[in-house]
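Colleague: Can you keep this structure in mind? I'll have questions shortly.
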Number of protein chains: 6
Amino acid sequence: MQKLIQGIHQFQEETFRPLQGLFESLARGQSPETLFITCSDSRIDPNLLTKSQPGDLFILRNAGNIIPPHTGQAGGEAATIEFAVTGLGVKDIIICGHSHCGAVKGLLDPSKLEGLPAVAQWLSHAEATKRIIEENYADLSPEDQVRAAIEENVLVQLENLRTLPCVKSRLVKGDLRLHGWVYKIETAEVFAYDRIDGQFVPLEQYRFPASDPIRRRVAATI
Amino acid sequence: MQKLIQGIHQFQEETFRPLQGLFESLARGQSPETLFITCSDSRIDPNLLTKSQPGDLFILRNAGNIIPPHTGQAGGEAATIEFAVTGLGVKDIIICGHSHCGAVKGLLDPSKLEGLPAVAQWLSHAEATKRIIEENYADLSPEDQVRAAIEENVLVQLENLRTLPCVKSRLVKGDLRLHGWVYKIETAEVFAYDRIDGQFVPLEQYRFPASDPIRRRVAATI
Amino acid sequence: MQKLIQGIHQFQEETFRPLQGLFESLARGQSPETLFITCSDSRIDPNLLTKSQPGDLFILRNAGNIIPPHTGQAGGEAATIEFAVTGLGVKDIIICGHSHCGAVKGLLDPSKLEGLPAVAQWLSHAEATKRIIEENYADLSPEDQVRAAIEENVLVQLENLRTLPCVKSRLVKGDLRLHGWVYKIETAEVFAYDRIDGQFVPLEQYRFPASDPIRRRVAATI
Amino acid sequence: MQKLIQGIHQFQEETFRPLQGLFESLARGQSPETLFITCSDSRIDPNLLTKSQPGDLFILRNAGNIIPPHTGQAGGEAATIEFAVTGLGVKDIIICGHSHCGAVKGLLDPSKLEGLPAVAQWLSHAEATKRIIEENYADLSPEDQVRAAIEENVLVQLENLRTLPCVKSRLVKGDLRLHGWVYKIETAEVFAYDRIDGQFVPLEQYRFPASDPIRRRVAATI
Amino acid sequence: MQKLIQGIHQFQEETFRPLQGLFESLARGQSPETLFITCSDSRIDPNLLTKSQPGDLFILRNAGNIIPPHTGQAGGEAATIEFAVTGLGVKDIIICGHSHCGAVKGLLDPSKLEGLPAVAQWLSHAEATKRIIEENYADLSPEDQVRAAIEENVLVQLENLRTLPCVKSRLVKGDLRLHGWVYKIETAEVFAYDRIDGQFVPLEQYRFPASDPIRRRVAATI
Amino acid sequence: MQKLIQGIHQFQEETFRPLQGLFESLARGQSPETLFITCSDSRIDPNLLTKSQPGDLFILRNAGNIIPPHTGQAGGEAATIEFAVTGLGVKDIIICGHSHCGAVKGLLDPSKLEGLPAVAQWLSHAEATKRIIEENYADLSPEDQVRAAIEENVLVQLENLRTLPCVKSRLVKGDLRLHGWVYKIETAEVFAYDRIDGQFVPLEQYRFPASDPIRRRVAATI
Ligand SMILES: [Zn+2]
Ligand SMILES: [Zn+2]
Ligand SMILES: [Zn+2]
Ligand SMILES: [Zn+2]
Ligand SMILES: [Zn+2]
Ligand SMILES: [Zn+2]
């Protein structure tokens, strides 16, 4: 803690000066283009990873980068996403999982959740991930099941994300893009889910999802 | 009501006899292949529409053919779907909206919901439909907005359906298919959503969604 | 599934014609007199059972014909019932259980609910049924306990139904009637709960509950 | 507050002595026969009203003597009642409303609830009462509507009470009785709801509800 | 029950007369200065304990004197407290636990909660109490753990109380005081939590919490 | 978005190398000492502000740095905090608000929340903040009310934090410290709430809250 306070002092003395103009202009308002959703894990620093500046990334973090689907009583995730999508008009949403995720490990191995009842309840929003692993990856080793679950969970949470009204409507309009990433801590590699391949691929091979305007559907039928 | 009781009498006298063997064998168990989800509207008779027999269709009906997404406390919809998908192993799920749907009309015109607070709360699960119409179909007439909303709502509810763990896992496995339909009461036409076209098309032009085994994703990345 | 689509074709070719006038007039609105609540079980076809026509029955179906009581956040059941009672003004509500109900079997034997967490949660709304069986029918065989539970559950759900404000108020007014039925699949028999006897009786012996205007209570006391 | 502390001192000095033996034996356990549910209103003292002793009444009090019906997540009311009914085996439950009840006034006149959002949410469990008044007592003066609502609310809450599994099962068994009372503060009169009359009557005319053993229902039907 | 009715008769004949003037003036409105929150336990009579009169204490009682913290959907506790604090303007809130509390015993020993699922759910609002005992009083005997839990639970519920908006705002304003008490049934002793000592002390040694006006904080910083 | 991907490339090329050893050792596990809770606002970079390294800070971010209090169904905030406190054993928790917070502005001015229903629902967990401003800072200008609300909200959320069982128990044990901070974007100043002063003070004047072992309370009383 003492180190943190010294760090702040050092930030104020050294880092703030060259950024002072930026910060003063940011005081008048933010207009980030990207919502970055990731785990609370201390080993992830989204700004460092993307070499981005204050003002660039609106950031939502919780244990396991989990997004509960739409309900009549919004929690922090739905509210934060709505603030970013409708309030700030971000153009891209990234859900970024990561290797060695403790939340995903707990999901697959409930013995890790003893004494953690709140975590266990929270992971109900990743129950689909668990079920996918149990019913489709049963032959893998526990370590490989964790790896698979980290990837599948990003896709499950993307599915949940699509149920939020503000997201769904912007997807129909064609001016919002969703991305599923996995960050590998030990090598700094990033993998992105490629819809056409149905696979996570290295970021440099990743093809952006097209954002097309909708095709109006009403004429065809009733 | 008296008419209903006479109808039952007539059913027992006339209709039951030729079906008695079927009913007796059904008493030993059911194995429907399809879960049919539709509105409670009195003008829809799923068995009549599909000329199906007792034992063929597992049927879930509520106002607006709405499916709340997965939460930690399942309601009737999630439970009924899980019973069908995991308990009975159905192969296909159809969400079937319909023309002139009162629930969809109430969604777009809240003045229709006065004195109906429970309906208003329930429609929060179709809030995405409402937002899609407001933000993408604002130029249509009210009547055409209702038509558009009936179609869009089927797609929104399909999205919700995909968040249910039992559904999601079976989709990954590739042995469950989801279908979005709209039934036009006055002409008996059925339209189905074609993923490739991004349009509802007459049922005879409808291409079935492929059910492929999953591509295992774990090898590629972390 | 292919069979269903053929059935629809056959319906359009053969069945729709004689009903076309009915369907066209129904397109202008529905006015069913009865709300029929039953299980999603594929072996039940309410329209077939009652020989009723499109437009006659507003139909709510879920696993176990369960009605959660009134809460501040209505689910599909409360909304659908309010739509029928207040929106459409139905005169009668029937809750119809049935023999061999899988949901009731799961309620009494939790081992049947493994892998079905959503069903287990949903059955919390039938916990009173379970408790009634455990505390009052403990001496019966498991098969007879299922039979008893099917009947008791209809009564429990009727009790839940009475907590819905729209139902309760119409009961006080005296222009809505509630009915508890059990349908025996293998014999096509229907039994109805007779309040005076405190028993389910064959439908032909069933005495309708009177619908009296209320006695105004305020004068007598405070 | 100072007065309260003096009162406690006085209680310890004067009142406790003659009751010391009772209190010492009560320290070994309680076995009240009655659960008394009433409003938090400061003008009601259930022990004074019934001249009962410590150990006689298990007492549940909240604003409006309201009992939410059974849900999967019990609140204080359901838990307290279960503790009394199943844990302590009480034989009678009384819900006792009262004249001039502020909660009921707020229910009928939402302008009284400004600045009281929690009260407004809580009163959703008395929505049936409100609806009964609006739809059945519209011709009364506001004062008489309050009177009617106080009575009707006792009956609505009795209905909610019957959905609690522990209550419902004991009612089937026939060894628990439910009573609906209204207490008139200014005259000390108590009125009880008489099921046969369908009216609240002065307590001295009140006929106890019979507690019969159940009629076993299973033989008659399926 | 018969005894209760006789008690009421006796109250009306003997006790009401001298209080008639008080009751008649109370019929015009209540203005209690204190909200007294305690357990539903039959051995506690708050009015007797404090020698207070009708009109003096607004009383909230449930199993375990538990107060769930603020949520978007208020239960009976939050509503009753808001009614007292904002509606009636009480000056003091007392949470009064007691020796031999069955709810606290159940909290520490789940085997006591078999057949009491609603109580078990309700006690989730005292989970902090349980955790405090497990992690800080593990070396005590079970009896002493119950004693410690009774005290700690009063403090936990005071913490929950502080999250209610109506309470929090009045605390900032400095015109509301919160008190934590424990009542020992067998000796009629009352202990109060003294913030300065960090201990429960006999009531006669209890120093009232000061109610200071707030220090306005905004000038100092941003 | 293209810029982000270039940034990642640059990170991998330039920044990762010197940190490779750190990242490889972090792949074996994290042991952060601090949980840092702050707003999702793009202008805040907790790692930059504190000059901390990957592995140092467990970070929870949502719109408004809001922490719902303990309930029986934990959301992302309670779960993430439990993961940090119980799972990882952090020693300090900082809730860090900030100047110009959009969530706080929306809280005070509901007109800013049109089209943002999820944000409005989420802000119910800051209702105490709103009420404090309305009832205690009514004389301030709107701008100063926002400033006051940013500070008060940090204190309200600290209060909510204390209701989480894992936090409360560690506070009793005396090995966890809670801190309330406000970060001023335009000057890079940090203010911390000083319990003794009852004021936010510049970080350099901030006195750490003592973490004392508990005083065992049981002996003194019952
Ligand atoms: Zn993680
Ligand atoms: Zn419809
Ligand atoms: Zn069934
Ligand atoms: Zn009252
Ligand atoms: Zn107690
Ligand atoms: Zn902010």
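Colleague: First select every other residue whose beta carbon is under 15 angstrom from the beta carbon of residue F:116; then total the charges, Lys and Arg +1, Asp and Glu -1.
Modeller: So the environment of residue F:116 carries a net charge of -2.
Colleague: Give me the percent of DSSP beta bridges within region B:31-205 that run antiparallel, rounded to the nearest 5.
Modeller: So the antiparallel bridges amount to about 30 percent of the total.
Colleague: Sorted from shortest, what are the nm distances separating the label point of residue A:197 from equivalent points in the other copies, each placed 7 Å from Cα along Cα to C-beta?
Modeller: Distances between equivalent label points, in nm: 3.3, 5.6, 7.0, 7.0, 8.2.
Colleague: Add +1 for every Lys or Arg and -1 for every Asp or Glu among the other residues with Cβ under 12 Å from the Cβ of residue E:185, and state the total.
Modeller: On the way: positive: D:28, E:43, E:184; negative: D:24, E:41, E:45, E:186, E:189.
Summing Lys/Arg as +1 and Asp/Glu as -1 gives -2.
Colleague: What residue of chain A has the nearest C-beta to the axis that moves A onto C, and what is that distance in Å, given as a whole number?
Modeller: Closest Cβ to the A-to-C rotation axis, residue and whole-Å distance: A:73, 4.
Colleague: Ok, one more. What nm distance separates the two modelled labels at residue A:13 and residue A:143, each placed 7 Å from Cα along Cα→Cβ?
Modeller: Simple spin-label model gives 4.5 nm for this pair.
Colleague: Consider just the alpha-carbon atoms of region F:103-201 and return their Rg together with their Dmax, both in angstrom.
Modeller: 15.1, 45
Colleague: Could you work out the mean projected area of the convex hull around the alpha carbons of chain E, in square nanometres to one decimal? Mind dumping the intermediate values first?
Modeller: Numbers: hull surface 67.3 nm².
Hull-based average projected area comes out at 16.8 nm².
Colleague: Assume the label is 7 Å from Cα along Cα to beta carbon: what separations in nm does residue A:112 have to the matching positions in the other copies?
Modeller: When each copy's label point is compared with this one, the spacings are 3.6, 3.6, 3.9, 4.9, 5.5 nm.
Colleague: Antiparallel versus total DSSP beta bridges in the protein assembly as shown: what percent is that, nearest 5? Could you put the intermediate results ahead of the total?
Modeller: Numbers: 51 of 159 bridges.
The answer is about 30 percent antiparallel.
Colleague: Highest GNM mean-square fluctuation, chain A, Cα pairs closer than 10 Å: which of A:196, A:133, A:81?
Modeller: A:196
Colleague: Here is a further query. Pairs A:51/A:105; D:105/D:130; A:168/B:105; A:130/B:173: which are spaced more than 22 Å apart, C-alpha to C-alpha?
Modeller: Pairs exceeding the cut-off: A:51/A:105.
Colleague: For chain B, set up a Gaussian network in which alpha carbons nearer than 10 Å are linked by springs, and say which option among B:164, B:116, B:108 fluctuates the most.
Modeller: The residue that fluctuates most here is B:116.
Colleague: Separation between the residue D:111 and residue B:134 pseudo-spin-labels, each 7 Å from Cα along Cα→Cβ, expressed in nm?
Modeller: Calculated label separation equals 3.0 nm.
Colleague: Also: Send over the Kirkwood Rh of region F:1-80, from the inverse of the averaged 1/r over different Cα pairs, rounded to one decimal Å.
Modeller: Its Kirkwood hydrodynamic radius stands at 15.1 Å.
Colleague: Based solely on its DSSP helices, what 222 nm [θ] is calculated for chain B when runs of n ≥ 4 H residues each add -39,500 (n - 2.57) and the sum is averaged over all residues, nearest 500 deg cm²/dmol?
Modeller: So the calculated ellipticity at 222 nm is -11000 deg cm²/dmol.
Colleague: Mind checking which of B:90, B:104, B:119 has the largest fluctuation in a GNM of chain B, springs on alpha carbons under 10 Å?
Modeller: So, out of B:90, B:104, B:119, the one fluctuating most is B:119.
Colleague: Ratio of Rg to Rh for region F:144-202, alpha carbon only, Kirkwood?
Modeller: Over the Cα atoms of region F:144-202, Rg/Rh equals 1.03.
Colleague: Starting from the alpha-carbon convex hull of region A:51-117, give the projected area averaged over all orientations, in nm².
Modeller: 6.5
Colleague: Separate question: Which FRET efficiency value, to the nearest 0.05, do you get for residue D:20 and residue F:5 by plugging their Cβ-Cβ distance into 1/(1 + (r/R0)^6) with R0 = 60 Å?
Modeller: 0.15
Colleague: Please give me the summed charge of the neighbours of residue D:47: other residues whose Cβ is under 10 Å from its Cβ, Lys and Arg +1, Asp and Glu -1.
Modeller: Net charge in that neighbourhood comes out at -2.
Colleague: Now, a different point. Find every distance from the label point of residue B:143 to the corresponding label point in the other copies (7 Å from Cα along Cα→Cβ) and write them in nm, one decimal, shortest first.
Modeller: 5.5, 5.5, 6.0, 6.7, 8.4
Colleague: Still on this model: Mind grabbing the base-10 log of I(q)/I(0) for the protein assembly as shown at q = 0.04, 0.05 Å⁻¹? Debye formula, identical points on the C-alpha positions, no solvent, two decimal places.
Modeller: -0.24, -0.38
Colleague: Let me ask something else. Could you state the number of Å between the C-alpha centres of region B:30-49 and region D:5-63?
Modeller: Here the two parts' Cα centres lie 59 Å apart.
Colleague: Can I ask one more? Can you give me the Cα centroid spacing of region E:179-205 and region C:136-154 in angstrom?
Modeller: 52
Here, each number is a calculation from the coordinates, and none is a lab measurement. Not measured: the values here are computed from a predicted model. FYI the Cβ positions are ideal-geometry reconstructions off the backbone, even for glycines, and counts take in every protein chain you see.
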